Amino acid sequence: MEYRSARLRDRGLTEAYLKATGMIEEEFDRPLILVMNSWNELHPGHMHLRAIADAVKAGVRLAGGVPFESNTIALCDGIRTPASNKYVLPSREIIVDSIETTAETFQADGMVLIASCDKIEPACLMAAARVNIPTVIVSGGAMLAGTVNGHRATNADMNTAGSGYRDGVKLTRQEMSELTESLCGTPGGCWGMGTANTMACLIEAIGMSLPGCACAHAVDSAKYRLAKRSGMAVVELVQKNLRPADIMTEAAFENCVTVNEAIGGSTNSFMHIPAIAHEMGVDFPIERFDVISARTPQLVAVMPSGPYYMSDLRDAGGMQAVMKELEPLLHTEVRTVTGRTLAENFENAKNYNDEVIRPMDRPFHPTGSHAVLKGNLAPQGCVIKKSATPECMMEHRGPARVFETCEGAMSAIRGGEIQAGDVIVIRYEGPKGGPGMREMVDITRTLSSIGCEDKVALITDGRFSGYSSGAVFGHVSPEAQEGGPIAVIRDGDMIRYSIPERSIELEVSAEEIRERLKAWRPKEIQFKGYLRRYANLVSSGCDGAVMK
């Protein structure tokens, strides 16, 4: 067969330039595989990916392909200031564009995309959908949890490190230094079910990575074997012309959401999955998440939804064992990058620990881990991880404490200005209003560390970390910058929500809300450059925060 990359030869200087890279005559008749890496030295989740790429390239060569490695950017959500956090979600679109541009310019026959963390993994799925050439994704794997004071690091330790408080007491510089030296055991993505590991699991669930890839840790030798086999697999996909459009079907997206609900995934998945579906031309509104959640039991409780770690999930059998337990709820006939169906992939999977991966008749929770609430405060919806919400906060009514920025809310919390029963409202932090939809992880960690997680609620048009817990509602849509009702909430207004009823209400009359909105004006975006362009083009968080 003639490969797409064959167009590059016999084109004057193009062939000469390729030969300048070291290509020889025989290689022009073989599939050219783009190995798009996100390695960099700025990011603990990505610092080991150079070796992963070497393994991928070895696999490509074993299968008769010609690998070319290139790079895209990767930002760490944990290594940033409150101001620079505005760039993290928008970086997803830069990554998608860079992969598309590289793949199309070099006319690659296939791609292997390598990523470990929050925005980079979903960007790889979006790029695979957009370019639609045979593609395999290799997730870089989780780090191992460190040892803190003789025990494995916990979510409480993460909260302490993020907030600087333990049991409401401010840590000394020495205590902080000891904690931060102990918290992260190895390179890799964070060790719980944050966004990084959620997306790795969902990449495997949707069929775009090899079985076992999601739970193989960054330091596992299995990760390098899987990387090599991924290089081999993409050459086979090219020969079969099996593309992302053949794999990421509507049925596969339903599988993806089912798995997300069963594993207690990050609320950021509620942005990423619609964005990936948008690139694939599949309509997948967040209302469908709630329908799927209602019929899906939660079988896995990795931190912050429970006591377990990604290493426990790996040892119990990983995602193939989870999907075998979920088999009655999945479309098992869908195709995957192995060339086989989902059912064929997990046919021989075993659940080695039914406390870590519960069976369907003995779940951690009878329904999925998330809920979508609507009401006059969030007409288009908002999202909460109910599996990480204290039982006493499943329903609540309290007075609003309104802040225009994360910084204003944090100052009030640390100053002791928030009272039990308050509903903190943080607005103008959405995709347009931030701009960039910052994570509120510093705030949720502080609330937890000072003992307020079960005493106050938090509502925002921003978003949360996969590690956030508590009665925290994100992605409120329409956001404040677009004139959503959250823009006109006033201090003291009563807010009532009910997670079981899927309702969230501002106890103000419809007429009063209309009058307030008549007097409202959007704030002026102060940023220039990419963030200004992003603010002008980005859609709602409930639509995936895609640039249109």
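Among the residues of region 186-209, those that are crowded, with 24+ Cβ neighbours inside 10 Å and either in a loop (DSSP other than H, G, I, E, B) or on the phi > 0 side of the Ramachandran plot (or both) comprise 188, 190, 191, 192, 193, 194, 206, 207, 208, 209.
In this structure, residue 512 does not satisfy being surrounded by fewer than 24 Cβ atoms within 10 Å (Cβ to Cβ) and touching a Lys or Arg at 6+ places or on another chain (Cβ under 8 Å).
Residue 425 fulfils the conditions (1) crowded, with 24+ Cβ neighbours inside 10 Å; (2) assigned to a loop (DSSP other than H, G, I, E, B) except for a single criterion, (2).
You will find that of 283, 361, the residue that is without any contact (Cβ under 8 Å) to a residue 60 or more places away in the chain and assigned by TED's automatic domain parsing to the domain that holds residue 91 is 283 and no other. Selection of region 266-299 for residues being within 25 Å of residue 123 (Cα to Cα), hydrophobic (A, V, I, L, M, F, W, C) and either at pLDDT 95 or above or surrounded by fewer than 22 Cβ atoms within 10 Å (Cβ to Cβ) (or both) yields 270, 271, 273, 275, 276, 277, 280, 282, 284, 289, 292.
Among the criteria (1) in a loop (DSSP other than H, G, I, E, B); (2) surrounded by 17 or more Cβ atoms within 10 Å (Cβ to Cβ), the one residue 68 does not fulfil is (1). Considering region 101-135, the residues that are assigned to a helix (DSSP H, G or I) and over 20 Å from the mean Cα position of the chain (by Cα) include one that is farthest from residue 201 (Cα to Cα), namely 105.
In this entry, residue 155 passes the filter for residues that are surrounded by 18 or more Cβ atoms within 10 Å (Cβ to Cβ), closer than 15 Å to residue 303 by Cβ and at pLDDT below 95. Given (1) of a type in the set (A, V, I, L, M); (2) more than 17 Å from residue 470 (Cα to Cα); (3) part of a loop (DSSP other than H, G, I, E, B), where does residue 420 come up short, assuming only one miss? Among (1) of a type in the set (A, V, I, L, M); (2) more than 17 Å from residue 470 (Cα to Cα); (3) part of a loop (DSSP other than H, G, I, E, B), the lone unmet condition for residue 420 is (2).
Screening 261, 327 for residues that are over 15 Å from residue 355 (Cα atoms), buried (at least 24 other Cβ atoms within 10 Å of the Cβ) and modelled with pLDDT of 95 or more leaves exactly one candidate, 261. Scanning for something touching a helix residue (DSSP H, G or I) at 6+ places or on another chain (Cβ under 6 Å) and not polar (S, T, N, Q), does region 378-387 turn up at least one residue? Yes.
In region 136-148, how many residues are crowded, with 24+ Cβ neighbours inside 10 Å, in a loop (DSSP other than H, G, I, E, B) and not small (Gly, Ala, Ser)?
Selection size over region 136-148: 1.
Just one residue in the set 220, 167 is among the charged types (D, E, K, R) and more than 30 Å from residue 69 (Cβ to Cβ); that residue is 167.
Tell me the residue from 404, 453, 439, 417 that is acidic (Asp, Glu), surrounded by fewer than 24 Cβ atoms within 10 Å (Cβ to Cβ) and touching a Phe, Trp or Tyr at 6+ places or on another chain (Cβ under 9 Å), please.
404
Restricting attention to region 1-45, the residues being buried (at least 16 other Cβ atoms within 10 Å of the Cβ), over 30 Å from residue 119 (Cα atoms) and of a type outside the set (A, V, I, L, M) number 4.
Only a single criterion out of (1) modelled with pLDDT under 95; (2) of a type in the set (Asp, Glu); (3) part of a helix (DSSP H, G or I) is not satisfied by residue 54, namely (1). Scanning for something small (Gly, Ala, Ser), surrounded by fewer than 19 Cβ atoms within 10 Å (Cβ to Cβ), in the same structural domain as residue 488 (by TED's automatic domain parsing) and not in a strand (DSSP E or B), does region 382-398 turn up at least one residue? Scanning region 382-398, I find no residue that is small (Gly, Ala, Ser), surrounded by fewer than 19 Cβ atoms within 10 Å (Cβ to Cβ), in the same structural domain as residue 488 (by TED's automatic domain parsing) and not in a strand (DSSP E or B), so the answer is no.
The values are calculated or read from the model by the stated rules, or taken from the named source; none is laboratory data. Source: prediction; values computed, not measured. When we count neighbours, we look across all protein chains shown, and the Cβ atoms used for this are built from the backbone with ideal geometry, even at glycine.
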